[in-house]
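Here is the structure we will look at, set down as structure tokens.
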Amino acid sequence: MTYVCSDIHGCYDKYAALLAGLRFGPGDTLYVLGDVIDRGPQGVRVLLDMMNRPNVIPILGNHELTAAVCLPWLLKEVTQESIAGLDETRVGALGDWLLNGGEPTLQELGRLRQEERRAILDYILEMDLYAQVEAGGQSYLLVHAGLDRFSPDRDLEDYALEDFLFAGPESNALYRGRDFLVYGHTPTRLLFRQAGEAPQDRIFRRGQQIGIDCGCIFDGRLGALCLETGEEFYV
């Protein structure tokens, strides 16, 4: 079976419980739609587990992007020369990461060997921006946040990085592509509220859009969707 989840945000226990509940095995595939790290305490542990599972496929999230910006120079040996090289842009990027929940991730990385840290950086740098999947007779476009500035006349290669990583639910509601658009990033309780319904920590469906960030790190749930059957799973 093919499953999709998103925005684990360091909640390793929920991630492990989800895999157990799915009875996830070598014949299955799980797409994780970004924001594995930050805010929660064990995002790096989740990444390390994912790295050892060839049938778990990561999609880049905005938190992984921030890590990819900061880690290349954070992983260098700390010397007077390297400290002097920390310009305002790098200091600002690090400050933004910390304000956006990066401290637990940096603390975890600090407990790893240098080769493990570099392996994690390489893993992040190899993440795709999207995946197109056929399952259960349907076509799905899997992205982190949505597809901003959507036009049915634009090829996916014509969208910018930020269009995949920072889209808002208002633009997602305009999606009328050939595929079902599956995304995370915006907790579904907000999507339900914007739709005029009571907030709920469950998968949100409207037309051809499917929101799956069920607020795992915000005292909500980690949700997963089976693409073949449409069945929903929660921890």
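From the helices alone, meaning DSSP H stretches of at least four residues, give me the mean residue ellipticity at 222 nm for the chain, per-run term -39500 (n - 2.57), in deg cm²/dmol to the nearest 500.
Mean residue ellipticity, 222 nm, calculated: -10000 deg cm²/dmol.
How big is the antiparallel share of DSSP beta bridges in the stretch 156-235, given as a percent to the nearest 5?
Around 65 percent antiparallel, to the nearest 5.
Could you pull out the longest piece of the chain with no exposed loop trypsin sites (Lys or Arg not before Pro) in it, calling a site exposed if DSSP puts it outside H, G, I, E, B and it has at most 16 other Cβ atoms within 10 Å?
For trypsin sites (Lys or Arg not before Pro) (loop position, at most 16 other Cβ atoms within 10 Å), the longest site-free span of the chain is 179-235.
Restricting to the chain, what percent of DSSP beta bridges are antiparallel, rounded to 5?
50
Whole-Hz ³J(HN,Hα) for each residue in the stretch 205-214, computed from phi via Karplus 6.51 cos²θ - 1.76 cosθ + 1.60 with θ = phi - 60°, x for glycine and proline: what do you get?
These are the phi-based 3J(HN,Hα) values: 10, 8, x, 9, 10, 9, x, 10, 7, 8 Hz.
If we count GluC sites (Glu not before Pro) as exposed when they sit in a DSSP loop and have at most 14 other beta carbons within 10 Å, what is the longest stretch of the chain that avoids them all?
Between exposed loop sites, the widest span is 1-76.
About its Cα centre, what dipole magnitude does the chain give when the only charges are +1 on Lys and Arg Cβ and -1 on Asp and Glu Cβ, stated in debye to the nearest 20?
620
Each reported figure results from applying straightforward, stated rules to the coordinates on display, with no laboratory input. Worth saying up front: this structure is predicted, and the values here are computed from it rather than measured. Backbone-built Cβ (ideal geometry, glycine too); neighbour counts: all protein chains shown.
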